[in-house]
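In what follows, a single structure is set out as structure tokens and then discussed.
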Amino acid sequence: MPMTLAEKILARASGNKEVAAGDYVTAKIDVAMAHEGAAWVIDELMKAGIDRVWDPERIVILFDHWAPAPTELTAEMHKKIREFVKRHKIKHFYDIKAGICHQVMPEMGHVRPGELIVGTDSHTTTYGAFGAGGTGIGTTDMAVVFATGELWFRVPESIKFRIKGTLPKYVTSKDVILKIAGEYGTEVAQYKSVEFEGPTISNMSIASRMTLSNMAMEIGAKFALIAPDDKTISYVKSRTTKPFTPLYPDPDAVYEKVYELDVSDLEPQVAFPHSIGNVKPISEAEGIKIDQAFLGSCTNGRLEDLAAAAEILKDRKVHPDVRMIVIPASREVYLEAVRAGIIETLLKAGAVVCNPTCGPCMGTHLGLLAAGERCISSSNRNFKGRMGSSKAEIYLASPYVVAASAVKGEITDPRKLMEGKA
Amino acid sequence: MTIIKVRGRVWKLGDNIDTDVITPGKYLSLPMDQLKLHVLEPINPDFAKMVKPGDVIVAGRNFGCGSSREQAPRALKEVGIAAVVAESFARIFFRNAISIGLPVLICEGVSKAFDEGDILEADFSTGEVKNVTKGITLRAKPLPPLMLEILSAGGALELLKKKFGK
């Protein structure tokens, strides 16, 4: 029987020749990633009286949610994890030094096409951009993985988004995924595996593809896959010497539904509070006053995102009433942005640049919102209370929109700003 | 066959109740005995005080959307919620709930069939959901055997412990 990419990945991982949507399988995990969630994994293991890990070489641990520790409680959490890492000789441990998990994992060569990767973070779907089956799990399930290296999976149904057309200038993959969330709702991929394909995807950079796969989580996706191409293979080979076998969907595989989108005329998109599905074109958002502009996160904190903001902010200033917070997604991104002069441009414009971390995206530190404040953010969620006060508002958009809005102090169409019309 | 039945007083919630609403990120590093006092705080600051052990939640679509934080189902369980029955769930929340031993069930029409304070009776192995107060019976798809096995063991780790033979 022909198989989708999700079926291929789960068939290989479970040692079956064939699996089909709806089957329950026990699969071997190729890589298990945990951030500070590891502290709760350790608690679960201790409660169960298990003091072993299945394979210290297949576990990756790093700190990104509270890095460096902003409170005594989180410092204790880090300490507990560091001790666990030493005791169990976890090979790949990056402490607070590397950045956000979903950027660091591919950078450090831990994401390989065809493999099955679980993480204690919902945005683990990001690895689908490399043709890897990445999915988020909770800390109890991760404790099971740490102990046994195996986990049960229900083989998901698959849907496909076929995307064509050249993205207009100042329109990005973030606008594509927001458009999808707005058009089809935040449950269109519930329990399902998404495959993105088409000429627009082929032309996209690896970083832009990662934004798509990352935010596909917000439409419910279990996996958000892009079949590997030359770009994928050359990126992965530049990051790891470990062998891997890319998997591809069969041409006659069965999809529950195929959605076709032409993005040639797509406008920048904005998700209004308090749902990712509450999306409107920028023309309906222009003029909304903002107090904070946040550029960063696992969704849009990569080099091309920082470069996009620098393009807007070059020889411009952040509006005096706006705090613009920039957080590169990783140390490597930060370093490259320094070398390229991007950080200098952002600093000169009046942005505040923080160390690579999740920061205010999930409301833990580095720029929380007070009651009544509004933030335009390149991150992934605008839930009530997500970035601080439950009475604050979060608008989600691309790095271009975030930067243009920071300049004007209100939500701004980057195309108009750059053409001198805003 | 494993039989899991729950009977409790209903708390009614809407669509898209996300994990930041259930357990806000700013409290996430707190120990569970403190974190649970903030459960559902953004939409009902008194929820943790008012909920009684054995109460159940009836919700709309996409319950638990957002983060993979297991604290969300756990905090609900810790304040005494015995089960969540919703029109639909976000994937990770659903899986986490099963893994920590909180019964959850997808049941179409449940939102309309219940008002706050009604008494719900649910059988997770047959999928029968009853509004005892109103005399309405709904049929949901029962949980698959694997999930029932995890729930009756009390969670995924408890099941693992059994398998380790300890």
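Table: residues versus (1) touching a Phe, Trp or Tyr at 6+ places or on another chain (Cβ under 7 Å); (2) of a type in the set (A, V, I, L, M).
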| site | (1), (2) |
| --- | --- |
| B:Ile119 | no, yes |
| B:Ser125 | no, no |
| B:Ile136 | no, yes |
| B:Lys141 | no, no |
| B:Leu146 | yes, yes |
| B:Ala156 | no, yes |
| B:Leu160 | no, yes |
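Find the helices (runs of 4 or more DSSP H) located wholly in the stretch A:76-188 whose residues include 3 or more that are touching a Ser or Thr at 6+ places or on another chain (Cβ under 8 Å) and within 13 Å of another protein chain (Cβ to nearest Cβ), and list them. Reasoning before the result, please.
Numbers: elements: A:101-107, A:139-148, A:173-184.
In the stretch A:76-188, the matching helices (runs of 4 or more DSSP H) lie at A:139-148.
Yes or no, residue by residue, for (1) over 13 Å from the mean Cα position of the chain (by Cα); (2) on the phi > 0 side of the Ramachandran plot; (3) among the aliphatic types (A, V, I, L, M):
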site: B:Leu13; (1), (2), (3): no, no, yes
site: B:Ile17; (1), (2), (3): no, no, yes
site: B:Ile22; (1), (2), (3): no, no, yes
site: B:Leu28; (1), (2), (3): yes, no, yes
site: B:His38; (1), (2), (3): yes, no, no
site: B:Glu41; (1), (2), (3): yes, no, no
site: B:Asp46; (1), (2), (3): yes, no, no
site: B:Val51; (1), (2), (3): yes, no, yes
site: B:Gly54; (1), (2), (3): no, yes, no
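Keeping to the stretch A:189-231, report how many residues are hydroxyl-bearing (Ser, Thr, Tyr), buried (at least 21 other Cβ atoms within 10 Å of the Cβ) and away from chain B (no Cβ under 12 Å). Total meeting the criteria: 4.
Residues of the stretch A:365-381 being within 11 Å of another protein chain (Cβ to nearest Cβ), crowded, with 24+ Cβ neighbours inside 10 Å and under 19 Å from the mean Cα position of the chain (by Cα), which ones?
Across the stretch A:365-381, the qualifying residues are A:Asn380, A:Arg381.
The condition (being of a type outside the set (Gly, Ala, Ser), within 30 Å of A:Lys237 (Cβ to Cβ), out of contact with any strand residue (DSSP E or B) (no Cβ under 7 Å at 6 or more places or on another chain) and surrounded by fewer than 14 Cβ atoms within 10 Å (Cβ to Cβ)) is satisfied by just one residue among A:Lys91, A:Lys79, A:Lys86, A:Lys97: A:Lys91. Being surrounded by fewer than 24 Cβ atoms within 10 Å (Cβ to Cβ) and outside the structural domain of A:Tyr170 (by TED's automatic domain parsing) is a description that does not apply to A:Arg302. Among the conditions (1) of a type in the set (Val, Ile, Thr); (2) modelled with pLDDT of 95 or more; (3) in a loop (DSSP other than H, G, I, E, B), the only one that A:Val338 does not satisfy is (3). Within the stretch A:1-53, being at pLDDT 95 or above, assigned to a loop (DSSP other than H, G, I, E, B) and under 30 Å from A:Asp95 (Cα atoms) holds for A:Ile29, A:Asp30, A:His35, A:Glu36, A:Gly37, A:Val53.
The criterion of being within 13 Å of chain A (Cβ to nearest Cβ) and over 20 Å from B:Ala90 (Cα atoms) does not hold for B:Ser67. If you go through the stretch B:127-166 and pick out every residue that is in a helix (DSSP H, G or I) and of a type in the set (D, E, K, R), you end up with 5.
The values are calculated or read from the model by the stated rules, or taken from the named source; none is laboratory data. In this text the structure is predicted, and so the values were computed from the model without any measurement. Positions of Cβ are backbone-derived with ideal geometry, glycine not excepted, and every protein chain shown enters the neighbour counts.
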